[in-house]
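Let me begin by presenting the structure, written as structure tokens, before commenting on it.
The values are calculated or read from the model by the stated rules, or taken from the named source; none is laboratory data. Remember, it's a predicted structure, so these values are computed and weren't measured experimentally. All Cβ positions, glycine included, derive from the backbone under ideal geometry; neighbour counts span all protein chains shown. Each accessible area value is taken on the protein alone, full model and side chains, heavy atoms only, with ligands, DNA and RNA left out. Shrake-Rupley method; radii C 1.70, N 1.55, O 1.52, S 1.80 Å.
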Amino acid sequence: MIVPGASSQALAAALADELDEPLSAVEYDRFPDGETFAAVPEFDADRAVVVATTDSNDAWIELLQLQDAVREAGAAEVVTVIPYMGYARQDKAFEPGQPVSARAVAKAAATGADRVVLVNPHEDSIADFFDAHVTICDAAGVLAEPLPDDLVDPLFLSPDSGAVELAEATRDAYGTGETDYFEKVRHSGTDVEITPSDAEPAGRDVVIVDDIIATGSTMSQAVGHLDKGGAARVFATCVHPLLARDARTKLERAGIERIVGTDTVERDVSAVSVAPLIAAAIDAVDSA
Ligand code: R5P
């Protein structure tokens, strides 16, 4: 039975279709003191697949509650799917005294899960923080699906060298195009500095590929450089379209043609679903 977290209701429904499993009823509530409450009043299955993007503190607590609720309701096995894992970017103590937040939340989630499925976590090494079997899905390939078929001399760029494999995977799925990357230095959570890549964008359609658009600082700076360089259309694609604060406005002002993301974070730009990838990951472990 598929159990949706509040942030992943469309994806959970799509996954239920893919796996041909029923979708559980879920009750989300909040106590007067602000505490969240999530329950599965009609749950009745041996296995629960809890699907919950953890893009807020409340969503993390709700995930823990859903894992516990399905056990209480009799689930013998809990598969926890975290389509977008919040706190994953704090995957080390960058200064003395800082927490490894990704490890802290992973350990908590693993207490209620037999297996975990992640989609493009910030780093694959985050899987090691879970005391449970983890499968990682790579959604870079599906980012090509919503792109127009008529891209002119396409150039697939990542905003930093670390994401170049995402750009290559999206290019490979699209079928044609050059790849390159910008150099990026991050000064703070919202202040990044991007240095243009060697590739010549003039007159070309450019697809920027990243794992996440959070504040939009990275992507909007990249778009600005491409605009100055004479690029034709610029598409901003990402696995996780978090679009926090004024990210959307920054990108629109920078002159973006279109923002394309997946449904790991459910937004109006979520043009393609990762449900088939997650279903395949679950089936693969089932049949192993
Ligand atoms: C960084 O390592 C990530 O790949 C993204 O580039 C980054 O998280 C995007 O953040 P923002 O949208 O806030 O610039």
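Arg103 meets all of the listed conditions (1) under 13 Å from Phe129 (Cβ atoms); (2) part of a loop (DSSP other than H, G, I, E, B); (3) open to solvent by 70 Å² or more (accessible area, probe 1.4 Å) but one, namely (2). When the residues of region 139-193 are filtered to those that are open to solvent by 60 Å² or more (accessible area, probe 1.4 Å) and assigned to a helix (DSSP H, G or I), the one that is farthest from the ligand (Cβ to nearest atom) is Asp172. Among residues that are touching a strand residue (DSSP E or B) at 6+ places or on another chain (Cβ under 7 Å), open to solvent by less than 50 Å² (accessible area, probe 1.4 Å), β-branched (Val, Ile, Thr) and in a loop (DSSP other than H, G, I, E, B), Thr264 is included.
If you go through region 230-253 one residue at a time, how many are open to solvent by 20 Å² or more (accessible area, probe 1.4 Å), within 18 Å of Arg204 (Cα to Cα) and either within 15 Å of the ligand (Cβ to nearest atom) or of a type in the set (A, V, I, L, M) (or both)? The number of residues fulfilling the criteria is 1.
The set of residues in region 194-211 being of a type in the set (Val, Ile, Thr) and open to solvent by 20 Å² or more (accessible area, probe 1.4 Å) consists of Thr195 alone. A single entry from Ala38, Ala14 fulfils the requirement of being among the small types (Gly, Ala, Ser) and assigned to a helix (DSSP H, G or I): Ala14. Can you name the residue in region 211-229 that is farther than 14 Å from Leu251 by Cα and either touching a helix residue (DSSP H, G or I) at 6+ places or on another chain (Cβ under 9 Å) or not in a helix (DSSP H, G or I) (or both) and, of all such residues, is farthest from the ligand (Cβ to nearest atom)? So the residue we want is Gly229.
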